[in-house]
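A short worksheet on the structure shown next.
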Amino acid sequence: MIFGFNTDVKHGDTVYHVQSEARQAEFLFQTQVFVRGRCIGKRATSYADRATDPLFTDKQKEALLRDQHRYVLDSIREGKLESVLDKRESPEVLAAIKELDLEWINAESVHSNRGLLIKLRVTEGGAAVEGARLVSRFGRPEREPLYFQAISDASGTAEIKLELEESALRDSSVLVQADYRGRTATRKFRLKRV
């Protein structure tokens, strides 16, 4: 399995969230750029010509994905983002592509019996996805990360339960990757004390 990359980078007064993942069913390395939660552009590179090569390993794929991620980050830092984003995506083409998406549905209320209950929904083209595997990484400052897994139900929903005190939330984040039939979606969520 190839994990994606998520990085926040600032240029001027704007914070860009850059997210890269391998879309294995489509043989694509895809990097999306978000500003305030809205996708402002993508860069995709096909590896279909190498997909059947047994010597083309996950490690090599991850290295190529990392290189693309860094390339987009560098373009933001240099103020040249527009020059590296794909221009070929018309509304018609985008409408035909079913996207795997991951949404945190109880972000306002996660505390439950001295712990956290994070509810996530996986969809594809707006429809619920049953049987998606979610792997989450709970990152904590100055401590080892915690890993959890869950499977989405018929409504596309999966629950991740963490036995943690609220004080452990300061400056913490949860990185979640959903995997369904070779397609992936990766999201990073920030946690904070209320």
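The values are calculated or read from the model by the stated rules, or taken from the named source; none is laboratory data. Treat the numbers as computed from the prediction; the structure is a model and nothing was measured. As a convention, Cβ positions derive from the backbone with ideal geometry for all residues, glycine included, and neighbour counts pool all protein chains shown.
In the range 47-86, of all residues being of a type in the set (S, T, N, Q) and surrounded by 13 or more Cβ atoms within 10 Å (Cβ to Cβ), the one that is nearest to residue 2 (Cα to Cα) corresponds to 60. Taking (1) farther than 27 Å from residue 125 by Cα; (2) among the basic types (Lys, Arg); (3) not in a strand (DSSP E or B) in turn, residue 10 satisfies each apart from (3).
Residues being surrounded by 19 or more Cβ atoms within 10 Å (Cβ to Cβ) and either at pLDDT below 90 or aromatic (Phe, Trp, Tyr) (or both): count how many of those fall in the range 29-41. Residues that pass the stated criteria total 1. Only a single criterion out of (1) assigned to a strand (DSSP E or B); (2) touching a Gly at 6+ places or on another chain (Cβ under 9 Å) is not satisfied by residue 25, namely (1). Among the residues of the range 28-51, those that are in a strand (DSSP E or B) and of a type in the set (Phe, Trp, Tyr) comprise 29, 34. Each residue in the range 108-145 was checked for being buried (at least 16 other Cβ atoms within 10 Å of the Cβ), among the aliphatic types (A, V, I, L, M) and modelled with pLDDT under 90, and 4 of them qualify.
The residue that is farthest from residue 179 (Cα to Cα), among those in the range 52-80 that are without any contact (Cβ under 8 Å) to a residue 40 or more places away in the chain, in a helix (DSSP H, G or I) and among the basic types (Lys, Arg), is 70.
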